[in-house]
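Remarks on the structure that follows.
Bear in mind these aren't lab numbers, they're just calculated from the coordinates by the rules spelled out. In this text the structure is predicted, and so the values were computed from the model without any measurement. Positions of Cβ are generated from backbone atoms using ideal geometry, with glycine treated the same way; all protein chains shown enter the neighbour counts.
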Amino acid sequence: MGSEGREPGDRSAIDQIVRTRLGVDAAERFLSLVRPSVGFSAGKRSSESGSVIGGLPVTTESFAWPRCRGRPMVLLAQIDCGQAARLLGGHWTLPDHGHLFFFHDDDFAAEPAPGLGDDGCRVLHVAAGTGGPPEGHAPAPPSLPALPLEACALPSVPTLADAETGCAVGDDVIALLIDLAEALSAVLPAPRHRLLGWCDSWDTPRPEGHRPLLQLEVEAGTSWGEIVNVSFWIRDEDLRAADLRGVRRSYEVA
């Protein structure tokens with residue numbers, strides 16, 4: 001994936017493949033499920049305003065490092081909201097400035113909370129500021145090295161693991177959907193990390209009533225034990241309202 005842009009994932013090619021393999025009604029239902037997303041790949045460019053895995057937070061003096069069970073949480077990723085807004089246009093309903101910080105408990109051992117949100121993760125929006133942690137706070141040193149991410153707008157389609165696929169196409173055409181998925185893979189790159197869109201992993205547990213907000217794959221130099229990807233999930237109504245309090249997390253174990 002190259003520098004920030006819109007080249008991969010030709011929507012016209014996706015439409016053609018779907019329409020040639022599904023009936024008219026099923027094709028329309030399936031295509032209505034296509035979601036915009038941003039695909040990320042690890043790059044070598046260093047940018048003060050771009051999206052990054054790990055690293056030190058780009059933050060302001062008012063930022064307070066979140067804690068879980070009395071311990072500072074781990075900063076897994078920083079997503080540049082301006083970058084997301086440029087690539088997604090009107091589909092980006094979260095702030096178009098500053099960064100989203102994605103935190104997780106330090107040992108991935110927190111149990112999901114029964115009520116609003118998830119004690120094991122935090123997603124915070126922080127206005128644009130200067131690099132580095134603010135003075136007067138004692139955050140945990142980042143467990144992940146700073147890894148710049150190259151971004152590109154990329155359509156995202158559901159898989160057989162998503163209930164919406166069966167509702168759109170029918171549960172009795174699994175072979176047809178497998179063929180469709182293989183054909184789409186030729187024109188639809190699968191990014192290692194994705195903002196919004198559908199869940200890319202069939203084995204990741206899907207929190208009920210939520211959709212993916214950010215999916216992260218393990219990268220060289222990171223250490224999550226047996227965990228190979230971490231994802232943050234949000235409800236549609238919270239995404240529209242830019243309310244990050246109810247975000248939940250999920251992960252896949254090797």
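Here are the numbers for this structure:
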{"item": "Built amide H within the under 5 Å cut-off of residue 214, gap 5+", "result": "196, 232"}
{"item": "Neighbourhood net charge (15 Å Cβ-Cβ; Lys/Arg +1, Asp/Glu -1) for residue 206", "result": "-2"}
{"item": "Simple spin-label estimate for residue 24 and residue 107 in nanometres, 7 Å along Cα-Cβ", "result": "6.1"}
{"item": "Other-chain or far-sequence residues with amide H under 5 Å of residue 156's (modelled H)", "result": "35, 37"}
